[in-house]
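Take this structure, written in structure tokens, and hold onto it; I'll ask about it next.
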Amino acid sequence: MQVTEIIGILAGVFTTIAALPQIITAIRNRACKDVSPIMFIILIIGVGLWTIYGIMKEDWPIIVTNGISTILNGSMLFLIFKFK
């Protein structure tokens, strides 16, 4: 595995797990009053497009990390609407 692949995988992992603290806080507090749904909509579109790009390039690290990120950010958007 090349250094560039390792950096790409690490970047994908960190951007994927970035939503977890917010999701955990929302579930624990059962509230999302100060969280912007617009930001998560834009983020979902972005990582969704990255997933499509990864599919087109057949790049599994991009597909997996951005696919998971799409699901996590979609979950957060669901929580925003559920708890508002």
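The values are calculated or read from the model by the stated rules, or taken from the named source; none is laboratory data. Since the model is a prediction, treat every value here as computed from it, not as a measurement. Every residue, glycine among them, receives a Cβ derived from its backbone with ideal geometry; neighbour counts consider all protein chains shown.
Got a number for residues in segment 29-67 being touching a residue at least 40 places away in the same chain (Cβ under 8 Å) and in contact with a Ser or Thr (Cβ under 7 Å, 6 or more places away or on another chain)?
Looking only at that region, the number is 2.
In this structure, does Thr16 turn out to be surrounded by 15 or more Cβ atoms within 10 Å (Cβ to Cβ) and more than 24 Å from Lys84 (Cα to Cα)?
So Thr16 passes the test.
Tell me, which residue of segment 36-63 that is of a type in the set (A, V, I, L, M, F, W, C) and under 20 Å from Pro21 (Cα atoms) is surrounded by the fewest Cβ atoms within 10 Å (Cβ to Cβ)?
Among those that are of a type in the set (A, V, I, L, M, F, W, C) and under 20 Å from Pro21 (Cα atoms), it is Ile38.
Test Thr4 against the criterion of being surrounded by 13 or more Cβ atoms within 10 Å (Cβ to Cβ) and assigned to a helix (DSSP H, G or I), and give yes or no.
No: the conditions fail for Thr4.
In this structure, is Ile24 surrounded by fewer than 16 Cβ atoms within 10 Å (Cβ to Cβ), at pLDDT 95 or above, on the phi < 0 side of the Ramachandran plot and out of contact with any Asp or Glu (no Cβ under 6 Å at 6 or more places or on another chain)?
Yes; evaluated as a whole, the condition is true for this residue.
I need the full set of residues from segment 13-40 which are small (Gly, Ala, Ser) and assigned to a helix (DSSP H, G or I), in order please.
Ala26
Can you pull out every residue in segment 41-84 that is among the charged types (D, E, K, R), under 15 Å from Gly8 (Cα atoms) and in a helix (DSSP H, G or I)?
Lys57
Here is a further query. On the basis of being of a type in the set (A, V, I, L, M), free of Cβ contacts under 8 Å to residues at least 60 places away in the same chain and in contact with a Pro (Cβ under 6 Å, 6 or more places away or on another chain), does Ile80 make the cut?
yes
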